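Presented below is the structure to which this report refers.
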Amino acid sequence: MSSRSELVIESLNRNHNRTAFNCGIESLDRYLKHQANQDMKRRVSRVFVVRSRQDETRVLGYYTLSTLSIDLSVLPENLAKKLPKHPIPAALIGRLAVDVSAQGKGIGKVLLSNAIKRTLAISSDIGIYAIVVDAINEQAESFYMQYGFAHLASEGKRLFLSLKSF
């Protein structure tokens, strides 16, 4: 993994070895191994994995993408007053995880960048105001905040990034 050009991001498929994935957080490992395929079949979430060009089966990391609505009451007041008085459409990165063997190599940034680019592309066809993430812990929260994500009011570790900034 000497460069990002050696990485491929694609939809999760049956060729990917999900059982070998270990990010160090049991709930994220369990999701990829046991629930991700079901969520995709039910069309409630899309799962994207990153792998090296040389190994088509080994999952180095993944993220999930789905939709949700943001209630105006959880947005900062200066933004909420400029928006229609109904829930606002958003994309949700529900999970983002990197295998322990690939941590510290920029894979998380590559995955986040891909999720943002994918969301921006879709937002040219349907309304999406922001990207929302659920930070699983303080380390994840710091990761997202360094890329401009901010807290949603009264939502714990739920963060958002307005697409207006792009």
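The values are calculated or read from the model by the stated rules, or taken from the named source; none is laboratory data. Only a predicted model underlies this, so the values are computations on that prediction, with no experimental measurement involved. Using ideal geometry, Cβ is built from the backbone for each residue, glycine included, and neighbour counts are taken over all protein chains shown.
Taking segment 60-98, which residues are under 12 Å from residue 111 (Cα atoms) and not hydroxyl-bearing (Ser, Thr, Tyr)? Matches in segment 60-98: 60, 61, 65, 93, 95, 96, 97, 98. For segment 120-155, the set of residues classified as under 16 Å from the mean Cα position of the chain (by Cα), among the small types (Gly, Ala, Ser) and surrounded by fewer than 17 Cβ atoms within 10 Å (Cβ to Cβ) consists of 121, 142, 148, 150, listed by residue number.
Just so you know, in segment 156-166 the residues that are loosely packed, with under 15 Cβ neighbours inside 10 Å and of a type outside the set (S, T, N, Q) include one that is modelled with the highest pLDDT, and it is 164. Pairs meeting the criteria (first residue in segment 141-166 and in contact (Cβ under 8 Å) with a residue 60 or more places away in the chain and closer than 16 Å to residue 113 by Cα, second residue aromatic (Phe, Trp, Tyr) and surrounded by 19 or more Cβ atoms within 10 Å (Cβ to Cβ), beta carbons under 7 Å, at least 6 apart or on different chains) are 160/149; 162/129.
In this structure, does residue 41 turn out to be without any contact (Cβ under 8 Å) to a residue 24 or more places away in the chain and either of a type in the set (Gly, Ala, Ser) or closer than 30 Å to residue 153 by Cα (or both)? Against the criterion (without any contact (Cβ under 8 Å) to a residue 24 or more places away in the chain and either of a type in the set (Gly, Ala, Ser) or closer than 30 Å to residue 153 by Cα (or both)), residue 41 does not qualify. Would you confirm whether any residue within segment 101-110 is touching a residue at least 24 places away in the same chain (Cβ under 8 Å), among the hydrophobic types (A, V, I, L, M, F, W, C) and surrounded by fewer than 14 Cβ atoms within 10 Å (Cβ to Cβ)? The answer is no, given that none of the residues of segment 101-110 is touching a residue at least 24 places away in the same chain (Cβ under 8 Å), among the hydrophobic types (A, V, I, L, M, F, W, C) and surrounded by fewer than 14 Cβ atoms within 10 Å (Cβ to Cβ). Scanning segment 107-139 for residues that are in a helix (DSSP H, G or I), within 23 Å of residue 28 (Cα to Cα) and modelled with pLDDT under 95 yields 138, 139.
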